[in-house]
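So the structure is just underneath, and the comments pick up after that.
The values are calculated or read from the model by the stated rules, or taken from the named source; none is laboratory data. Quantities reported herein were computed from a predicted structural model and do not represent experimental measurements. All Cβ positions, glycine included, derive from the backbone under ideal geometry; neighbour counts span all protein chains shown.
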Amino acid sequence: MKTVSALNRTEKKAAVTLASIFGLRMLGLFLIMPVLAIYGQAYPDYTPLLVGVAIGAYGLTQALLQIPMGWLSDRVGRKPIILAGLSIFAVGSVVAAMADTLMGVTIGRVLQGAGAIAGAVLALAADSSRDEQRPKVMAIIGAGIGLSFVLALIIAPWLGGIAGISGLFWLTAALTGAAMLAVLFALPQPLQRVPSRDILPVPAEMKRLLSDGQLLRLNFGVFVLHLILTAWFVTLPLSLVDAGLAIEQHSWMYLPTLILSFAVMVPLMLYAIRTDRQIPGMRVAILFLVVALAAIMFAAGSLLVLVVSVWLFFIGFNYLEANLPAFLSQHAPAGSKGSASGIYTTCQFGGAFMGGVFGGILLQYASAQAVMIFCLVLLVCWLLFTFGMQTVSATTRVTVPLPVFSQEQARQLADQLVELAGVEEAVVVNEERAAYLKIQREHYKAESVQTLLAQLSR
């Protein structure tokens, strides 16, 4: 049988549309990060603490609502939840645009975060793609998120100088309206309804996954990574201005440093994969962050040091942001990827919130150097924590539809599946009529699974 290796028309349309929807929303969340520390000083209730809270506030509601919104999309449908989430996000953007205080901006950011649609978007992407093409669709969506972050850093200082903070939020509201139109008129009808545990969390599995040592290390890592990102942006724009770089010129600093960061990050990542040194590669990336923040702490007044530090920071950050999900996929048990991803995403957004809060507190009551010391301590803890990580073989996941089996047949199937070549783990969920396999692609033979199913069906 010929293997289909390309996305079909429906999958391409779904991937591009969902990437655009998610990317536009994330662009709206990221836009104020590079500029609020400066332009926020114009509000009458300005304090560094409120700036930090406003930057990270979206993370609180994202962390609290990400998993529940995903579960809800399984019950009332993907598109209604996506539309509802975008509507809440648009309302939050308008509230922040109309606010005349930083507290009002913070309330708007909290509402923006309440439109937590990540789970529903990824579930709809899974529904709209075949098993063998699903990683490509997810990769396109991931690229859209990464692009939105890069674009926000580049355009926010320039647009902020023209339209101010209010204008950035009005732009966000307009982009959200465009995303809602795309949901209504551009998204194709899904090809299927994939089992929820492939993408979405399963409540009964959460406790077991929270005690998994390998997943715990990854969750702590993404928490720290996004904490230091938001804490850093509480202080970085101020440091750049103090060093002589006007806020309107920050775009011209971010653009080359981001491009050059990818020029180092991509070869480093490819080398780590080719030589099977992903965990040492992770440690090197954490060290990039350590060196960057330490340099800022000791030489914050030098513009050259700041620019080099920003470059080093983004090498490490982009490497880790790209590779941590791959580690998660490898370590998540068969049939539990959705649950593991839900916990991981919650930690990610929780870190973003805590970074804004602690960055603001330390800047207000101590100094920018105290923020750097706090971040450095966390990075060192994370670095030490990685020494308990284990290397696992490259695996992928396969969902096998099942005929109607008795519970006894399902138990027999689970026992026999793990005996097949290339199958590392097998979870049979008879109620969903599906078997979830964690496999080594080079050794796995789908024909062996089908033969086993045929034998049990007799």
*Consider V291 carefully, then state whether it is surrounded by fewer than 19 Cβ atoms within 10 Å (Cβ to Cβ) and assigned to a helix (DSSP H, G or I).*
yes
_Identity of the residue in the stretch 104-127, touching a Leu at 6+ places or on another chain (Cβ under 6 Å) and farther than 17 Å from T172 by Cβ, that ends up surrounded by the fewest Cβ atoms within 10 Å (Cβ to Cβ)_ = V121
*Give the residue, chosen from E431, E424, that is more than 21 Å from S211 (Cα to Cα) and outside the structural domain of L49 (by TED's automatic domain parsing).*
E431
_Let me confirm something: among A84, A90, A116, which residue is of a type in the set (G, A, S), out of contact with any His (no Cβ under 6 Å at 6 or more places or on another chain) and outside any helix (DSSP H, G or I)?_
A116
*Return the total of residues in the stretch 347-370 being in contact (Cβ under 8 Å) with a residue 40 or more places away in the chain and not in a helix (DSSP H, G or I).*
0
*Answer yes if at least one residue in the stretch 148-169 is buried (at least 21 other Cβ atoms within 10 Å of the Cβ), among the hydroxyl-bearing types (S, T, Y) and assigned to a helix (DSSP H, G or I), and no otherwise.*
yes
*Evaluation of L238 against (1) closer than 19 Å to G316 by Cβ; (2) buried (at least 16 other Cβ atoms within 10 Å of the Cβ) (one fails), failing number*: (1)
*Report, by residue number, each residue of the stretch 417-444 that is surrounded by 15 or more Cβ atoms within 10 Å (Cβ to Cβ), free of Cβ contacts under 8 Å to residues at least 40 places away in the same chain and not in a loop (DSSP other than H, G, I, E, B).*
L417, V423, V428, N430, A435
*Scan the stretch 37-51 and give yes if some residue there is surrounded by fewer than 20 Cβ atoms within 10 Å (Cβ to Cβ), assigned to a helix (DSSP H, G or I) and under 19 Å from the mean Cα position of the chain (by Cα), otherwise no.*
no
